[in-house]
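So the structure is just underneath, and the comments pick up after that.
The values are calculated or read from the model by the stated rules, or taken from the named source; none is laboratory data. Being a predicted model, the structure only gives us computed values, none of them experimental. Cβ sites come from the backbone with ideal geometry, for glycine too, and all protein chains shown count toward neighbours. The accessibility values were calculated without ligands, DNA or RNA, using every heavy atom of the protein model including side chains. Shrake-Rupley method; radii C 1.70, N 1.55, O 1.52, S 1.80 Å.
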Amino acid sequence: MADEPGIFEIMYNCRAMRRLKPDPVPEELLLKLVDAGNQGPTGSNAQGVRWIIVRDAEQRERLAELNKAAVTRYAAPDSGRAAALPHQATDKRIRMLDAVLWQAEHMQDIPALVIACYEFPQPVAGQSAGGGGSVWPAVQNLLLAARALGLGAAPTTLGLSNRAAAREVLALPDNMEAYCLIPVGYPMGRFGPVTRLPVEQTVRWDRWD
């Protein structure tokens, strides 16, 4: 339809939305997000990306506890987290951290926690980087689809950093690994343009030097 945003508008206005309302998200929209994720490319077209949509209150609580423990470590003064970056001033870093902390306190109330996983042909010992090459394009597709549908989302790996605990909560078989946790819901704030480095700073032609 003519009034629907184009792909470039969606990409340039796809902010990480961490403050989300507890209002339920219709199942058909959640499945639409996953279906969009499945359109991403996968290595050898193996299509091994798998999804767990967590809506059960007890399951959300358990994942929220894992995430909160990891966020607490991430936010600690001695964590090594940069207080400022060349492209992001201290005040903006503080606002971002405030949103991360808010989400950690309220993750159990967010209506859907989408876990992006990869199913390998055989059991794996430790998280395989090979699956990530297929999972992350799928995650980006899901984020863009969420933005197009007016849903807020932001990927995080902190809630899965305790791999053994996360595997137990999600009841993963030994040939499946979880890579990313994506809280999804209706945003409390407004969508707006992202702030990114200009292309002139991030590209070279033919070689770097």
Residue-averaged 222 nm ellipticity for the chain, from DSSP H runs of 4+ at -39500 (n - 2.57), nearest 500
-12500 deg cm²/dmol
Find the relative contact order for the chain and round it to a whole percent, using C-alpha pairs within less than 8 Å whose residues are 6+ positions apart.
37 percent
Convert each backbone phi in the stretch 144-150 into a coupling constant with the Karplus relation 6.51 cos²θ - 1.76 cosθ + 1.60 (shift: θ = phi - 60°), then list the ³J(HN,Hα) values in order as whole Hz, x for Gly and Pro.
5, 5, 4, 4, 5, 8, x
Please report, as a whole percent, how much of the solvent-accessible surface of the stretch 1-58 comes from carbon and sulfur atoms (probe radius 1.4 Å).
52 percent
With all protein chains present and a 1.4 Å probe, how do 62, 147 order by accessible area, largest first?
62, 147
Which order do the peptides 181-188, 17-24 take when ranked by the mean count of other beta-carbon atoms within 10 Å per residue, highest first?
181-188, 17-24
Take the solvent-accessible surface of the protein heavy atoms, probe 1.4 Å, and return the percent of it on the stretch 106-209 that carbon and sulfur atoms account for.
53 percent
Setting aside same-chain residues fewer than 8 positions from residue 32, which lysines have a Cα under 26 Å from its Cα?
21
Arrange the residues 110, 52, 94 by how much accessible surface each exposes, largest first, with a 1.4 angstrom probe.
94, 52, 110
Please calculate how many Å² of accessible area the chain carries per residue, with a 1.4 Å probe and no DNA, RNA or ligand atoms counted.
58 Å²
Need one number: convex hull volume per residue for the stretch 91-209, Cα atoms only, in Å³.
178 Å³
Simple SL model, points at 7 angstrom along Cα→Cβ for residue 94 and residue 58; separation in nm is 4.2 nm
Which number do you get for Rg(Cα) / (2.2 N^0.38 Å) in the stretch 156-206?
1.84
Any idea what the alpha-carbon Rg over 2.2 N^0.38 Å comes to for the chain?
1.06
